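Worksheet for the structure shown next.
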Amino acid sequence: MAAILARAGAAAIAAGNLRRPQETGSDSRRRTRNLVVAAVTGTGPAVPQEGSLERPAWSGETPLSRLVGALIAFKPLYSLMKLASREVIIRTAEKSNIPWREMTKQVLESDVYEVFERIRDLNLVYPDYYLNPFHAYDEGNLSWLAAAEAEPATMSIAKRAIPEASSIDEANQIVRGNWLNAIEEHHLKYSGNCQINDILDVGCSVGVSTRYLAEKFPSAKAVGLDLSPYFLAVAAQKEEKLSRQNLIRWVHANGEATGLPSNSFDLVSLAYVCHECPARAITGLVNESFRVLRPGGTIALTDNSPKSKVLQELSPVLFTLMKSTEPFLDEYYMLDLEETMRQAGFVNVYSILTDPRHRTVTATVPF
């Protein structure tokens, strides 16, 4: 098994080494704009493709999924897979010019610990699922290492989604640009001319998605909410160094029971959150989003797409490694997310592949 994992790591690293011919700045920007437009409008070579299945054969209750589950349940093998998965991710990121170790060191050697003491809610009770190991961290998201590595890991998501991009910046422009465009277009179409004045980013992690939302809608007031005070401390420390019209407010709370007022937001976003949650928690997140949104408000959930051709065709080693660090992946893939949103009361529920790996599902609170 160790040899198989090593070969998988080598393949992933080799994929990360692909480079385009030298481009000028204007060439790169033009190609990025074309890729964004193509992915959203359905024209051109960048259009994300759906696979032939409703969900990957390695998810749910299929024989293949049960086999993978049995492998992960074998503790010595699980420990090996967890370490191999982590090493593949870090080395692949650094081959893609993401300075993973340097970024991590900067956070761990900063004054982020002082911010942590100010931001955490000592009375918060964590849900049981959040205390499980995942993402190759024994403490899950409740650790400094997880918080320090969150931003380079997020950058890796974009590069894996758009491997043909010439840089991390270009990959981010495409992935985040398509996501933001899908949100804006849905809101313009179904909100009844309601402006986006208040934004809630649930499961904001270290604030990457929150900052993108704040930049897209600069006149709005944005709140980043997360269960991890470690992540929030990193987010808040970075925000303190920025200058923007409306500073982002960071809240340590449970997205299923935020404690925020009803009818107080125009947009609620959950970016790459749901695949980390059991089905009951996803339902709770959707219901709470409905409560805090105003009539005409928009919810936007972006995450892995069960219908992604890329994800359905992952190699056995890679999907086994992925599932070894994502304990609730099967529950996410088996849940009918669109129907869950309709049952919560949302209307105008639409799902679109915004890049080859991820979908963005948008919906509206009725008037």
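The values are calculated or read from the model by the stated rules, or taken from the named source; none is laboratory data. Here the structure is a predicted model, which means the values were calculated and not measured. Cβ sites come from the backbone with ideal geometry, for glycine too, and all protein chains shown count toward neighbours. Heads up: the accessible areas ignore ligands, DNA and RNA and are worked out on the full protein's heavy atoms, side chains in. Shrake-Rupley method; radii C 1.70, N 1.55, O 1.52, S 1.80 Å.
Close contacts from region 206-218, counting a first residue that is farther than 15 Å from A150 by Cβ and a second that is part of a helix (DSSP H, G or I), with Cβ to Cβ under 7 Å and a gap of 6+ residues or different chains, come to K216/L180. Taking residues in region 157-177 that are under 19 Å from H275 (Cα atoms) and free of Cβ contacts under 8 Å to residues at least 40 places away in the same chain, and partners anywhere that are surrounded by fewer than 22 Cβ atoms within 10 Å (Cβ to Cβ) and aromatic (F, W, Y), the pairs with Cβ atoms closer than 6 Å and at least 6 places apart or on different chains are R176/Y212.
Return yes when P278 is in contact (Cβ under 8 Å) with a residue 40 or more places away in the chain and either surrounded by 22 or more Cβ atoms within 10 Å (Cβ to Cβ) or touching a Lys or Arg at 6+ places or on another chain (Cβ under 8 Å) (or both) and no when it is not. So P278 fails the test. When region 338-367 is filtered for residues that are within 25 Å of A171 (Cβ to Cβ) and not hydroxyl-bearing (S, T, Y), the ones remaining, listed by number, are I352, L353, D355, P356, R357, H358, R359, V361. Is it the case that N304 is open to solvent by 40 Å² or more (accessible area, probe 1.4 Å) and either farther than 27 Å from Y137 by Cβ or without any contact (Cβ under 8 Å) to a residue 60 or more places away in the chain (or both)? No, not satisfied. Quick one: which of N197, N132, N178 is surrounded by fewer than 22 Cβ atoms within 10 Å (Cβ to Cβ) and either acidic (D, E) or over 20 Å from G224 (Cβ atoms) (or both)? After ruling out the rest, the residue left standing is N132. Condition first: among the aliphatic types (A, V, I, L, M), assigned to a helix (DSSP H, G or I), in contact (Cβ under 8 Å) with a residue 60 or more places away in the chain and surrounded by fewer than 19 Cβ atoms within 10 Å (Cβ to Cβ). Can you find one or more residues in region 107-114 that meet it? The answer is no; no qualifying residue exists. The set of residues from region 79-106 being hydroxyl-bearing (S, T, Y) and either farther than 30 Å from A165 by Cβ or free of Cβ contacts under 8 Å to residues at least 12 places away in the same chain (or both) comprises just one member, S79.
Confirm whether R291 is part of a helix (DSSP H, G or I) and within 19 Å of F367 (Cβ to Cβ). The answer is yes for R291. Hey, does region 240-249 have a residue that's within 24 Å of L180 (Cα to Cα), outside any loop (DSSP other than H, G, I, E, B), open to solvent by less than 20 Å² (accessible area, probe 1.4 Å) and among the hydrophobic types (A, V, I, L, M, F, W, C)? Within region 240-249 (the criterion being within 24 Å of L180 (Cα to Cα), outside any loop (DSSP other than H, G, I, E, B), open to solvent by less than 20 Å² (accessible area, probe 1.4 Å) and among the hydrophobic types (A, V, I, L, M, F, W, C)), the answer is no, since none of the residues qualifies.
Conditions tested, residue by residue: (1) under 17 Å from R359 (Cα atoms); (2) of a type in the set (A, V, I, L, M, F, W, C); (3) surrounded by fewer than 17 Cβ atoms within 10 Å (Cβ to Cβ); (4) out of contact with any strand residue (DSSP E or B) (no Cβ under 9 Å at 6 or more places or on another chain).
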| site | (1), (2), (3), (4) |
| --- | --- |
| L142 | no, yes, no, yes |
| A150 | no, yes, no, yes |
| R160 | yes, no, no, yes |
| S191 | no, no, no, no |
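I'd like to know if region 166-185 contains one or more residues that are modelled with pLDDT under 95, small (G, A, S), over 29 Å from V365 (Cβ atoms) and not in a helix (DSSP H, G or I). Looking through region 166-185, at least one residue is modelled with pLDDT under 95, small (G, A, S), over 29 Å from V365 (Cβ atoms) and not in a helix (DSSP H, G or I).
Scan region 255-265 and tell me whether some residue there is assigned to a strand (DSSP E or B), buried (at least 20 other Cβ atoms within 10 Å of the Cβ) and in contact with a strand residue (DSSP E or B) (Cβ under 6 Å, 6 or more places away or on another chain). Yes, region 255-265 has at least one match.
Kindly establish whether E339 is open to solvent by 10 Å² or more (accessible area, probe 1.4 Å), acidic (D, E) and closer than 26 Å to V88 by Cα. Answer is no for this residue. In a residue-by-residue description of region 289-303, the property of being hydroxyl-bearing (S, T, Y), over 20 Å from D266 (Cα atoms) and under 17 Å from the mean Cα position of the chain (by Cα) applies to no position.
For region 225-239, filtering for residues that are open to solvent by less than 20 Å² (accessible area, probe 1.4 Å), free of Cβ contacts under 8 Å to residues at least 40 places away in the same chain and in a helix (DSSP H, G or I) leaves 2.
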